[in-house]
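Participant: Could you have a look at this structure, given as structure tokens, before my questions?
Quick note: the coordinates plus some simple rules give every number you see, no bench work behind them. The structure displayed is predicted, hence computed values, not measured ones. Counting neighbours? That spans all protein chains shown, and the Cβs are built from the backbone with ideal geometry, glycine included.
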Amino acid sequence: FQDRIFNLSRNVSNRLLASINRLDNISNRLDTRIVKLKNTGIDTSSAEAKLGEARSSLSEARSNFESLPSVQQALTSDTPQASFQRIRTIFLTTRDLLKQSHTQLSETVVLLKNAPTQSTTVATTSEDVTATEAVE
């Protein structure tokens, strides 16, 4: 029974760590994209703020995950059920923080996709007005 719990906990730990690393990689790529768009003159302040929120959630998830006690020690302690309940709570909290970070990264992508469209729309509108005035 202890071996099953240990293996399941190890699988959950591996999945959480892989998620943390993937989301960290995505946030770095988004940061690079923001710099490129900013250099072209596009206002990326809202995307930068959302990326900051995502990184904050991700950092909190990482520190929460790193505070995870040893599963083997929890299973061999005097009160394994109570010890494992604490580990389970950390797993669930970390998972929720990763979901929150993922949502914020998705919102950052949406903000970046809309940023060029908004600046292009403004330029097109002013060109249409200029073209209409020239015809009259």
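Participant: If each residue of separation counts as 0.36 nm, what is the full-extension length gain between T40 and Q73 once their alpha-carbon separation is subtracted?
Facilitator: Gain in length upon complete extension: 6.5 nm.
Participant: I've got another one for you. Mind checking segment 50-119 for chymotrypsin sites (Phe, Trp or Tyr not before Pro) that DSSP puts in a loop (not H, G, I, E or B) and that have at most 10 other Cβ atoms within 10 Å?
Facilitator: Passing both the DSSP loop test and the Cβ count: no residue.
Participant: Next question. Give the Debye-formula value of log10 I(q)/I(0) at each listed q (0.16 Å⁻¹), with one equal scatterer per alpha carbon of segment 7-65, two decimals each.
Facilitator: With no solvent term, the Cα-only Debye profile gives -0.58.
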